[in-house]
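Worksheet: the structure to be examined is printed underneath.
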Amino acid sequence: MHELAITDSIIKQAITEAQKHNAQRINKIKLKIGVASAIIPNCVEFYFDILKKNTIAENAKLDFEIVPIVIKCPQCQSQVQITPENGEKLNSKLLGCECNAGIELIEGNDVLIEYIDIE
Ligand SMILES: [Zn+2]
């Protein structure tokens with residue numbers, strides 16, 4: 001259900017950005033969706049088609065890139081990308097370091113606009 005709020009915020013951000021550049025319309029919005037964000041692209045697309053009506057994004061297309069989860073050791077900064085193969089053991093051992101300082105999620109948790117195509 002939070003796809004509605006996220007889609008609303010994406011459209012508003014895109015329109016604000018387009019207006020800064022005096023754009024007449026938005027052709028495309030490219031999104032990066034983190035695997036851990038639990039956002040379903042089809043849902044975003046569904047709300048997008050409703051919310052874009054009567055805005056400068058009315059004819060805009062959505063494009064998605066799914067971003068994998070990346071974790072980091074807060075001490076030595078080692079990074080590892082989580083894949084379906086290693087994802088079950090999501091712990092500090094995965095980083096291959098001896099710090100035992102826990103893990104920090106640095107990517108894959110957000111929904112971001114990568115770029116917008118305007119004219
Ligand atoms: Zn470490």
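The values are calculated or read from the model by the stated rules, or taken from the named source; none is laboratory data. Computed from a predicted structure; not experimentally measured. In this analysis, Cβ positions are derived from the backbone assuming ideal geometry, glycine residues included, and neighbour counts consider all displayed protein chains.
Within the stretch 80-106, being modelled with pLDDT of 85 or more and within 10 Å of the ligand (Cβ to nearest atom) holds for CYS97, GLU98, CYS99, ASN100, ALA101, GLY102, ILE103.
For VAL44, the criteria (1) within 16 Å of the ligand (Cβ to nearest atom); (2) touching a Ser or Thr at 6+ places or on another chain (Cβ under 8 Å) hold in every case but one, which is (1). Screening ALA23, ALA60 for residues that are closer than 22 Å to GLU3 by Cβ, away from the ligand (no atom under 16 Å from the Cβ) and aliphatic (A, V, I, L, M) leaves exactly one candidate, ALA60. Among the candidates LYS72, LYS53, the residue that is closer than 17 Å to ILE6 by Cα and over 17 Å from the mean Cα position of the chain (by Cα) is uniquely LYS53. Applying the selection to the stretch 60-87, what residues are closer than 30 Å to ILE11 by Cβ, surrounded by fewer than 16 Cβ atoms within 10 Å (Cβ to Cβ) and touching a helix residue (DSSP H, G or I) at 6+ places or on another chain (Cβ under 7 Å)? Hits for the stretch 60-87 are ILE66, PRO68.
Of everything in the stretch 63-79 that is out of contact with any Asp or Glu (no Cβ under 8 Å at 6 or more places or on another chain) and closer than 13 Å to LYS30 by Cβ, the residue that is nearest to the ligand (Cβ to nearest atom) is ILE66.
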